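Asks: This is the structure I have questions about; it appears just below.
The values are calculated or read from the model by the stated rules, or taken from the named source; none is laboratory data. Just so we're clear, the structure is a prediction, and the values are computed from it rather than from any experiment. Cβ atoms come from the backbone with ideal geometry, glycine included; neighbour counts cover every protein chain shown. Accessible surface areas use protein heavy atoms only, side chains included; no ligands, DNA or RNA. Shrake-Rupley method; radii C 1.70, N 1.55, O 1.52, S 1.80 Å.
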Amino acid sequence: MIKVLSLASLALVSTVSFAGLSGPYETRVTASSMMGQPVASKEAAYAAGRQMLMDVNNQSSYELSRNISFSSNDLVDKRSFELLDSQITVKEVMNSNGEVAYQPVMNIKYTYRYRDRD
């Protein structure tokens, strides 16, 4: 009988502990940039950027959370990531040999849910 009471109280304490972790989430909207590889022409850079957009648009919420670099000390729900907006720009760069190259830059705006650790 004592063992049954001990197990019951352990289950009750565990349930209370988990209930304390399930507080309300807040939503955060953030912007980020991803850079592609420099290429020889603007057309090739836009084509690479278009492919980057298609790739990110086809990702699941969890995949998006893994591929976006974000820093947060909060508890983040990795399955809540949602892409709000995306666009491609092309950046003109010069390498150490003096050659001009074109680099696709994807700017994205996304949202996710988080819970403050405090």
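Asks: What number do you get for the range 68-118 when its Cα radius of gyration is normalised by 2.2 N^0.38 Å, N = residues? Can you show the working numbers first?
Replies: Working: Rg = 16.9 Å, N = 51, 2.2 N^0.38 = 9.8 Å.
Dividing the Cα radius of gyration by 2.2 N^0.38 Å gives 1.73.
Asks: Where in the range 42-84 does the label zone of VAL100 land, with the point 7 angstrom along Cα→C-beta and an amide N cut-off under 17 Å?
Replies: 42-46
Asks: Using only Cα positions of the range 27-97, each an equal point scatterer, no hydration layer, compute I(q)/I(0) via Debye at q = 0.18 Å⁻¹ and quote the log10 values to two decimals.
Replies: So the normalised log intensities are -0.78.
Asks: Here's a follow-up. Compute, for GLU82, the solvent-accessible surface of its heavy atoms (probe 1.4 Å) with the complete set of protein chains present, and express it in square angstrom to the nearest 10.
Replies: The accessible area of GLU82 comes to roughly 100 Å².
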